[in-house]
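Data first, discussion second: the structure below is written as structure tokens.
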Amino acid sequence: MKKLFESSNLNYEEISNMVADGSLIIYPTDTVYGLGASIEKKKSLDRIYKVKERDEKSPLIALLSDKKYVKKVAVINEMNRKKIEKLIKVFWPGGLTIILDKKRIIPSNMVSNGTSVGVRIPDHKISIKIIESCGGILATTSANISGEPSPRSYAELSEKIKSRVEIVIDDNETPKGVVSTIIDMRGAPKILRQGNITQIDIEKIIGKMK
């Protein structure tokens, strides 16, 4: 049964129970609307790809409600520990996704059978509360059919994708609409995608990158 929640009247316990049972959720973040599922439900993670009509070679990221969950899902290497901690302190919550080596708790079908995972805390109170109610971690991607623009607001969500999930959150606020910057911190720091946070912004915090 589909549930549409208004942001002013969210039942976090019901959302938590539904996600734990395998439901997919479309919810607002600080960048674009996200499509999420529990990392403990491999079938739900597979469904995300089907819902989006997306190539399974494109990994999902782990949105977190608090930085304490980073060590649950990822390994912070000692070489970059101080730099990673600085990035987290300055840019989280916010639009910076950090790529790290994944821990076993992250299912292989969430990260395209890879060994890494992207982690981020969104700068959005409702999404943080939703993620926290679901255990602090939600596997997430943008809530659009592959090839279509990423939705910046509830109004931009397609009827097609809304019809394929169990939970939809209608948020009256408009997210920023700018994708997160992705930085790989497994070795020498490397920007994989630039969003609202620039390389110059990052270099001010961790020094020059090659």
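The values are calculated or read from the model by the stated rules, or taken from the named source; none is laboratory data. It should be emphasised that the depicted structure is a prediction, and the values quoted were computed from it without experimental measurement. Neighbour counts are summed over all protein chains in view; Cβ atoms, including those assigned to glycine, are modelled from backbone coordinates with ideal geometry. Please note that ligands, DNA and RNA were not included when accessible areas were found on the heavy atoms of the full protein model with its side chains. Shrake-Rupley method; radii C 1.70, N 1.55, O 1.52, S 1.80 Å.
Using every alpha carbon pair in the stretch 39-79, what percent of pairs falls into each 10 Å bin from 0 up to the bin containing the largest distance?
23, 42, 29, 7
Going by a ≥ b ≥ c, the root eigenvalues of the Cα gyration tensor, does the stretch 55-132 fall in the rounded group (a/c under 1.5), the prolate group (a/b larger than b/c) or the oblate group?
Because a/c hits 1.5 or more and a/b fails to exceed b/c, the stretch 55-132 counts as oblate.
Looking only at D101, D123, D55, which one moves most when the chain is put into a Gaussian network model with springs between Cα atoms under 10 Å?
Residue with maximal mean-square fluctuation among D101, D123, D55: D55.
Suppose R0 equals 35 Å. What FRET efficiency, 1/(1 + (r/R0)^6) with r the Cβ-Cβ distance, do M209 and S146 give to the nearest 0.05?
0.70
What is the percent of Cα-Cα separations in the stretch 124-210 that go past 17 Å?
62 percent
On a 0 to 90 degree scale, rounded to 10, what angle separates helix 81-91 from the longest Cα axis of the chain?
Compared with the principal axis, the helix lies near 50 degrees.
Longer than 22 Å from Cα to Cα, which of K42/K67; K71/K129; K43/K67; K41/K86; K52/K162; K42/K190 are they? Say none if no pair is.
Going by Cα-Cα distance, K42/K67; K43/K67; K41/K86; K42/K190 fall outside the 22 Å limit.
For the pair K125 and K160, what calculated FRET efficiency results from E = 1/(1 + (r/R0)^6), where r is the Cβ-Cβ distance and R0 = 25 Å, to the nearest 0.05?
So the FRET efficiency works out to roughly 0.30.
Calculated from the structure, semi-axes √(5λ) of the Cα gyration tensor in Å equals which of [x] 27, 18, 16; [y] 25, 21, 16; [z] 32, 18, 16?
Recomputing semi-axes √(5λ) of the Cα gyration tensor in Å here gives the entry labelled [x].
Which of I76, I128, I48 moves the most in a Gaussian network model of the chain with Cα springs under 10 Å?
Between I76, I128, I48, it is I76 that shows the largest mean-square fluctuation.
Per the 1.4 Å probe, what fraction of the accessible area of the stretch 1-137, in percent, lies on carbon and sulfur atoms?
49 percent
When the chain is fully extended, how far beyond the present Cα-Cα distance does K43 get from E14, taking 0.36 nm per residue of separation?
Between K43 and E14, full extension yields an extra 8.4 nm.
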